[in-house]
Amino acid sequence: MKKVFTTGQVAKICKVAPRTVSKWFDSGRLKGYRIPGSQDRRIPREQLIKFLKEHGMPLGELEEEEWHKILIIGAEKLFIDRLQEMLPDSEDYKYQIANSGFEAGIMAQSFHPDTIIIDLSLGRSEALQIAANLRRDPAYENTMMIALASEDEADPDSLKTAHHFNEAFKKPFDIALLAERIRTLALAKRED
């Protein structure tokens, strides 16, 4: 994910001439900085996004990078609704829901989630197999994987050590705590 753009790169994103971007920069409407000893301009990513939003311009390829994408596998509708209430789409969260291992694999490939939540009530062995399959793929080695364990899970921490999960929440759990953990991850991702 790019952090700084040249005027030429901004021009491509905005579908305007590079000279137009230079004028926006020189007039102070588009914030950035000049390279010392040069006339070259650089526009930080967050300033570009702010400018595009302020002027009602499409974010284009930047839009998808802004979202924190969450793939939820096998969870109950009540849980999904509550999580979406706490992390709404309007705050740059996007969701995909899968009800089987097959669906999960297809959606993971096309959606490229930042966080994957797997409810073990889907079937413990199927859920663990989904996690193992995703972790084998290098594309998901840095993806946050969260297990929702049932009340009778003897040792939820073993899900982290033995089964490739970053976090394990045992039911009944605090959805607000889970939402806060995801929010923290999303902020860290945006600051990277």
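The values are calculated or read from the model by the stated rules, or taken from the named source; none is laboratory data. No experiment lies behind these values; they were computed from the predicted model shown. Neighbour counts are summed over all protein chains in view; Cβ atoms, including those assigned to glycine, are modelled from backbone coordinates with ideal geometry.
Among all positions in segment 162-173, there is no residue which is surrounded by 12 or more Cβ atoms within 10 Å (Cβ to Cβ), in contact with a helix residue (DSSP H, G or I) (Cβ under 6 Å, 6 or more places away or on another chain) and under 26 Å from residue 59 (Cα atoms). Determine, yes or no, whether residue 74 is within 20 Å of residue 140 (Cβ to Cβ) and not acidic (Asp, Glu). Considered against the rule, which asks whether it is within 20 Å of residue 140 (Cβ to Cβ) and not acidic (Asp, Glu), residue 74 comes out as yes. For segment 106-120, which positions are in a helix (DSSP H, G or I) and either touching a residue at least 60 places away in the same chain (Cβ under 8 Å) or surrounded by 15 or more Cβ atoms within 10 Å (Cβ to Cβ) (or both)? Listed by number, the residues that qualify are 107, 108, 111, 120. Residues of segment 1-30 that are among the charged types (D, E, K, R) and over 16 Å from residue 57 (Cα atoms): 2, 3, 19, 23, 26. The residue list 103, 153 contains one member that is more than 15 Å from the chain's Cα centre (by Cα) and outside any helix (DSSP H, G or I), which is 153.
If a residue has to be over 26 Å from residue 114 (Cβ atoms) and at pLDDT 90 or above to count, how many in segment 1-33 make the cut? Adding up the residues that qualify gives 22. Restricting attention to segment 34-92, which residues are surrounded by fewer than 16 Cβ atoms within 10 Å (Cβ to Cβ), under 18 Å from residue 7 (Cα atoms) and modelled with pLDDT under 85? Of everything in segment 34-92, those that are surrounded by fewer than 16 Cβ atoms within 10 Å (Cβ to Cβ), under 18 Å from residue 7 (Cα atoms) and modelled with pLDDT under 85 turn out to be 39, 46, 58, 59, 60, 61.
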